[in-house]
Amino acid sequence: MTTPRILPSIDRLRQRPAVRALETEYGPVAVLTALRDVTGTLRRELAGPGLSPIEDGEQAATAIERRTASQLATGFEPSLVSVINATGVIVHTNLGRAPLAESASRRVAQLATGYVNLEYDLAAGRRGSRSVHAEGLLSRVTGAPAAVVVNNNAAAVLLVLAALAQGREAIISRGELVEIGGGFRIPDVMRQSGALVREVGTTNKTRTADYAAAISDRTALILRVHPSNFRIEGFTERPRLDDLVALGQRFELPVVENLGSGNLLDDHTPGGVDEPLVAASVAAGAAVCCFSGDKLLGGPQAGIIVGAEEPLSRIRTHPLMRALRVDKMTYTALEATLLEYARGRARTTVPVVRMLRATTEEIDVRATALADRVAGHPVFEANVVSGVSTVGGGGAPGSALPTRLVRLTPRGGSAVKLEARLRGLHPPIVARIEHDRVVLDLRTVLPEQDDQLTAALSGLE
Ligand SMILES: *Cc1c(COP(=O)(O)O)cnc(C)c1O
């Protein structure tokens, strides 16, 4: 047993270079609190029974320094950290959806630390409108004359209905009154906007005539919703957008389409991702379309509203706009992402698009390299097998992209335990369990993370 009296005073400790370095890093207040904490704990330990390796003041001070540094490091850790997404779910809502393109991240880093012309008209030298940002690029890539950006697509739906249908009826098919995920239900959002939900048709079949029969002087618009995360198969019918637009034109009613994913590319992947194209809806005459910025589009979280000038100006000037608008970082990341599309480079530079289009051969090369590098691992055996990746994020229901998986068979213990250990690594690896094995799908691992992934796996004991 050592006497607690050998413990150095807090003042003495604060003279030590290592503690001063901690003060520079974390500030004197946090360091003082941590020092008191650690010293208190150590004093109780020394007063207790049992042998202590600490025999003099210098040893005590070193131990306090070490523990204080580690306590501060843990206490100051941000809760949001990078993870490796090896799930094969491309637009993984729980993992932050779309990873940004290099150019978007670079632009944000360049602009975020300074002032920007967010609401300033540089030519006129006076106050401008933030809603001009991204509008030109959105017009270019969708063909719509006007555009507005809000916080996410749920906000876009709310705002569009509030601005165009408050106190009046929005006609919607019973087959499109869907829940998107996280409890986001289209009929609930419609009610929150103040629009009156006028349901027509049945779950599996709704015809243009059903919409026509519901039109009255209370009707504000026709709403069409992309069912996103589910598919009705078999005996089904849904009017084409052109037919709804023609109906709307007869009664001077706008057709609003909630597209969900925001697909901007007209060529489909080998996996058959068949999401509606924004430009096609605009061309078909939808007055307003809305979609997410961080699903298939592959940009920052945002809700994008594109369409004709008149409805867009009502949307832009609605009081809710102020509550739903986005900041300079979102505009910056979105503009940089859209620029990749405008330049025709998105297929190689936007991560979501690149992952969607990666071939099984490309993935197999990376999977095989990884399996080779961890061959003979003490904790698991690695093989490469075939499997499927998914789009996720409520996009492309039923789409299954063929992939090659690195399958980890534990040499002892269960797949559940191994999967949990992978989540505890730095950076955490989020994997899937299939047939009692852990599987890693490199489709969603950024190629520049392959080495990090190999190193983390190799370090597992
Ligand atoms: C994803 C989705 C939403 C919600 O979009 P967020 O950007 O997550 O708010 C709304 N409607 C449809 C059809 C969707 O697919």
- Item | Computed magnitude of the charge dipole of the range 239-333 (debye, nearest 20; Cβ of K, R +1, Cβ of D, E -1) | 500 debye
- Can you give the extra length, in nm with one decimal, that the chain gains between residue 310 and residue 329 once fully stretched, where that is 0.36 nm per residue apart less the Cα-Cα distance? 4.1 nm
- Task: Evaluate the charge dipole of the range 102-349 about its Cα centre and quote only its size in Debye, nearest 20, assuming +1 on the Cβ of each Lys and Arg and -1 on the Cβ of each Asp and Glu.
- Result: 520 debye
- Note on the structure: Summed over the other residues with a beta carbon less than 12 angstrom from that of residue 145, with K and R at +1 and D and E at -1, the charge totals -2
- Quick one: which residues, 5 or more positions from residue 403 or on another chain, have an amide H under 5 Å from its amide H? H modelled 1.01 Å from N in the peptide plane, none for Pro or chain starts. 387, 388, 389
- Query: What number, in nm² with one decimal, is the all-direction average of the projected area of the convex hull of the alpha-carbon atoms of the range 102-349?
  - Reply: 14.2 nm²
- Query: Share of antiparallel DSSP beta bridges in the chain, in percent to the nearest 5?
  - Reply: 60 percent
- Output the peptides 6-14, 289-297 sorted from most to least packed, where packing is the average of other Cβ atoms within 10 Å over each peptide's residues. 289-297, 6-14
- Mind putting a number on the dipole of the chain about its Cα centre? Charges go on the C-beta only, +1 for Lys and Arg and -1 for Asp and Glu, and I need it in Debye to the nearest 20. 780 debye
- Message: Could you sort the peptides 175-185, 69-79 by per-residue average Cβ neighbour count (10 Å cutoff), highest mean leading?
- Response: 175-185, 69-79
- Item | Inter-label distance for residue 79 and residue 266, nm, one decimal - labels placed 7 Å from Cα along Cα-to-Cβ | 4.6 nm
- Task: Would you mind calculating the relative contact order of the chain from Cα pairs under 8 angstrom and at least 6 residues apart, reporting the percent as a whole number?
- Result: 19 percent
- Using only alpha carbon pairs under 8 Å that are at least six residues apart, calculate the relative contact order of the range 171-232 and give it in whole percent. 45 percent
- Counting Lys and Arg as +1 and Asp and Glu as -1 over every other residue whose Cβ sits under 13 Å from the Cβ of residue 292, the net charge comes to 0
- Message: If you fit an axis through the alpha-carbon atoms of helix 153-165 and take the longest principal axis of the Cα set of the chain, what angle between them do you get, 0 to 90°, nearest 10?
- Response: 30 degrees
- Message: Positive end of the dipole of the range 219-369, charges at C-beta (+1 Lys, Arg; -1 Asp, Glu), about the Cα centre: which of 236, 324, 288 has its Cα farthest in that direction?
- Response: 324
- Among 193, 279, 128 - extreme Cα towards positive end, dipole of the range 102-349, charges at beta-carbon: 128
- Message: Using the Cα atoms of the chain, I'd like the radius of gyration and the largest Cα-Cα distance, Dmax, both in angstrom.
- Response: 28.2, 93
- Item | Percent carbon-and-sulfur accessible area, the chain, ignoring ligands, DNA and RNA, probe 1.4 Å | 51 percent
- Per-residue ellipticity at 222 nm for the chain, helices alone: DSSP H runs ≥ 4 residues times -39500 (n - 2.57), over residue total, nearest 500 deg cm²/dmol? -12000 deg cm²/dmol
- Item | Separation in nanometres of the label points that stand 7 Å from Cα toward Cβ, at residue 369 and residue 139 | 4.4 nm
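The values are calculated or read from the model by the stated rules, or taken from the named source; none is laboratory data. Note that the structure is predicted; figures quoted are calculated from it, not measured. Glycine gets a Cβ as well: all are built from the backbone with ideal geometry, and neighbour counts include every protein chain shown. Please note that ligands, DNA and RNA were not included when accessible areas were found on the heavy atoms of the full protein model with its side chains. Shrake-Rupley method; radii C 1.70, N 1.55, O 1.52, S 1.80 Å.
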